[in-house]
Ligand code: MN
């Protein structure tokens with residue numbers, strides 16, 4: 001196995017985090033950028049975490065389209081390099097299941113979950129659970145996470161599920177509504193509650209498409225909330241170094 005990649009300044013990467021790629025066949029340049037990121041940066045690092053919305057939509061692990069197969073192959077190559085690849089379901093790809101995970105070589109972690117990185121406990125979550133102010137969304141979330149609802153949906157023929165997803169994409173009203181689900185911000189009292197409940201000083205999430213490193217204090221203890229960026233205009237990655245340092249970086253698209 002290759003040694004972990006080092007950054008330009010010689011620091012060793014302990015883990016990489018990417019979320020909200022919203023991979024979709026209609027945006028091939030983003031898929032290409034992600035595949036390049038996997039080849040050039042993720043291969044050989046100790047861990048790659050993908051906390052949700054890797055895909056714009058997911059109609060089931062039995063989808064035989066080209067995009068999921070291509071991404072599974074690329075992720076599998078990263079896993080084969082010795083990198084631990086872990087995924088959390090987002091609000092777009094909440095139907096990703098164990099069949100696809102096995103093919104792509106990643107494990108599915110619960111949302112939220114605690115990860116131990118070099119002995120440091122970090123709370124990792126997609127981020128939609130922090131959007132307490134959007135009651136309508138939270139009601140939708142409860143419905144689509146219901147196992148019976150999911151079983152009924154996945155029991156529909158693949159062609160029917162595909163047509164449904166296509167219709168949703170083409171209907172501008174549905175699209176606007178679906179986009180609106182991503183624009184809510186984390187509620188400050190939810191952030192405090194999660195820090196308190198899990199007793200951590202560092203939290204990493206995506207979903208809000210508001211990349212930032214927030215320094216705050218909860219109960220007098222300094223805490224850090226890192227928000228990952230989306231992959232619309234460019235890629236976005238969080239690098240966590242062995243010395244505990246972090247770097248939230250944009251990944252420009254080729255011209
Ligand atoms: Mn999301």
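At-a-glance table
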{"item": "Residue check for residue 37: more than 19 Å from residue 161 (Cβ to Cβ) and outside any helix (DSSP H, G or I)", "result": "no"}
{"item": "Among (1) crowded, with 19+ Cβ neighbours inside 10 Å; (2) under 18 Å from residue 161 (Cβ atoms) - the single one residue 24 does not satisfy", "result": "(1)"}
{"item": "Residue list for region 111-131, filter: in contact with a strand residue (DSSP E or B) (Cβ under 8 Å, 6 or more places away or on another chain), in a loop (DSSP other than H, G, I, E, B) and away from the ligand (no atom under 16 Å from the Cβ)", "result": "118"}
{"item": "First in region 116-130 and on the phi > 0 side of the Ramachandran plot, second anywhere and within 14 Å of the ligand (Cβ to nearest atom), Cβ under 6 Å, 6 or more apart", "result": "127/205; 127/206; 127/207; 127/208"}
{"item": "Filtered residue count, region 215-245, keeping only those that are under 15 Å from residue 15 (Cα atoms) and surrounded by 16 or more Cβ atoms within 10 Å (Cβ to Cβ)", "result": "8"}
{"item": "Qualifying strands (runs of 3 or more DSSP E) (wholly inside region 195-247; at least 2 residues being within 16 Å of the ligand (Cβ to nearest atom) and touching a helix residue (DSSP H, G or I) at 6+ places or on another chain (Cβ under 6 Å))", "result": "none"}
{"item": "Filter pass, residue 105 being modelled with pLDDT under 95, away from the ligand (no atom under 16 Å from the Cβ) and either surrounded by fewer than 19 Cβ atoms within 10 Å (Cβ to Cβ) or over 23 Å from residue 194 (Cβ atoms) (or both)", "result": "no"}
{"item": "Qualifying residue in region 74-89 (condition: farther than 19 Å from residue 41 by Cβ, surrounded by 15 or more Cβ atoms within 10 Å (Cβ to Cβ) and within 16 Å of the ligand (Cβ to nearest atom))", "result": "yes"}
{"item": "Criterion violated by residue 44 - all others in (1) under 28 Å from residue 159 (Cβ atoms); (2) surrounded by fewer than 19 Cβ atoms within 10 Å (Cβ to Cβ) satisfied", "result": "(1)"}
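Residue by residue, here is whether (1) assigned to a loop (DSSP other than H, G, I, E, B); (2) without any contact (Cβ under 8 Å) to a residue 12 or more places away in the chain holds:
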residue: 50; (1), (2): no, no
residue: 53; (1), (2): yes, no
residue: 63; (1), (2): yes, no
residue: 67; (1), (2): no, no
residue: 74; (1), (2): no, no
residue: 92; (1), (2): yes, no
residue: 99; (1), (2): no, no
residue: 102; (1), (2): no, yes
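The values are calculated or read from the model by the stated rules, or taken from the named source; none is laboratory data. Remember, it's a predicted structure, so these values are computed and weren't measured experimentally. As a convention, Cβ positions derive from the backbone with ideal geometry for all residues, glycine included, and neighbour counts pool all protein chains shown.
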